[in-house]
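This is the structure, below, for whatever I ask next.
The values are calculated or read from the model by the stated rules, or taken from the named source; none is laboratory data. Computed from a predicted structure; not experimentally measured. All Cβ positions, even for glycine, are placed from backbone atoms using ideal geometry, and neighbour counts span all protein chains on display.
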Amino acid sequence: MNRSKTQDSIVAAVRVPEPGEGKRGEAGYLSYLLRQAAGAVRLRLERKLADLGVTPPQFLVLTMLDSYPGASGADVARLAMLTPQTVHGIISNLERAELISRSPHPVHGRVQVIVLTKAGRTLLARCKERALKADAELKAGLSPGDEAVIRRWLIGLAKQAD
C-alpha cells in the first residue's frame, strides 16, 4: 500500500489519550464519558468476582432473581436491561451449574418460574460482599448529598430509556 509522507506523519503522531484527556475527558461527549465509566466499573466488578467464577451479567441476573422471586426470563431481561437471548444463555449456564432451578408457571404454560437454589443463594451472598466493596470504592470521596444527586440522575437516565 502506498502511503504519503503526510499519512505516515499523522499515523505516527496519533497518541491515544488516557481517561480524562481530550475527548476522553471533560471535552468529550457525555454519552461517551458514561460509556467509558460503565466500562471501568464493569472491569472493576469483573476483577472482584473473577475467582468466584461469576461474570457481572451473571451476578446481575442472580441479583434480579433474588430480588424478584418468580420472575420469568423475559422479566429478568427487562429488569437487567439485557436481551432475552443473553438472559436465556446466562440462565442456561446458571441452571447447569445448579445455581438456579426452573419449573413451569402454574398458570402460564410457556413461562418458567426461576428461583435460586441454596448454592445460588450462597454464591450470591459472596458476590454481594464483593459488589458492596466495589460500590464503596466508587463512592469514596463523595458526600452523601453528591451520591444522592448522582443516583437520582442515573435513575432519571434509565427512566428515559423506557
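I'm told S92 meets every condition in (1) loosely packed, with under 10 Cβ neighbours inside 10 Å; (2) among the polar types (S, T, N, Q); (3) closer than 18 Å to A77 by Cβ except one. Can you identify the failing condition by its number?
(1)
Which of (1) of a type outside the set (D, E); (2) touching a residue at least 40 places away in the same chain (Cβ under 8 Å); (3) crowded, with 18+ Cβ neighbours inside 10 Å; (4) within 24 Å of L52 (Cα to Cα) does I100 not meet, given it meets every other one?
All conditions are met except number (2).
Please work out if E26 is at pLDDT below 95 and among the charged types (D, E, K, R).
Here the answer is yes, as E26 does meet what is asked.
Only residues that are over 19 Å from V41 (Cα atoms) and within 19 Å of the chain's Cα centre (by Cα): list them for segment 125-155, please. Show your work before the answer.
Quick first cut of segment 125-155, residues over 19 Å from V41 (Cα atoms) only: 125, 143-145.
Residue satisfying the conditions is A125 alone.
Identify the residue in segment 106-120 that is surrounded by 14 or more Cβ atoms within 10 Å (Cβ to Cβ) and farther than 13 Å from A74 by Cα and, among all such residues, is modelled with the lowest pLDDT.
Checking each candidate, the answer is V115.
Could you check, for segment 52-75, whether at least one of its residues is modelled with pLDDT under 95, part of a helix (DSSP H, G or I) and among the aliphatic types (A, V, I, L, M)?
The answer is yes; a qualifying residue exists.
Here is a follow-up. Suppose we keep only residues that are in contact with a helix residue (DSSP H, G or I) (Cβ under 9 Å, 6 or more places away or on another chain) and part of a helix (DSSP H, G or I) within segment 105-128. Which one would you say is nearest to N93 (Cα to Cα)?
In this case the residue turns out to be G120.
Something else: Under 6 Å between Cβ atoms, at least 6 apart or on separate chains: pull out the pairs that start in segment 44-59 with a residue that is under 15 Å from K128 (Cβ atoms) and end on any residue that is β-branched (V, I, T) and surrounded by 14 or more Cβ atoms within 10 Å (Cβ to Cβ).
Sorted first by the residue in segment 44-59, then by its partner, the pairs are Q58/I90.
Now a separate question. Taking the condition of a type in the set (D, E, K, R), out of contact with any strand residue (DSSP E or B) (no Cβ under 8 Å at 6 or more places or on another chain), surrounded by fewer than 16 Cβ atoms within 10 Å (Cβ to Cβ) and within 27 Å of A161 (Cβ to Cβ), does R126 pass?
Spelling it out, it is not the case that R126 is of a type in the set (D, E, K, R), out of contact with any strand residue (DSSP E or B) (no Cβ under 8 Å at 6 or more places or on another chain), surrounded by fewer than 16 Cβ atoms within 10 Å (Cβ to Cβ) and within 27 Å of A161 (Cβ to Cβ).
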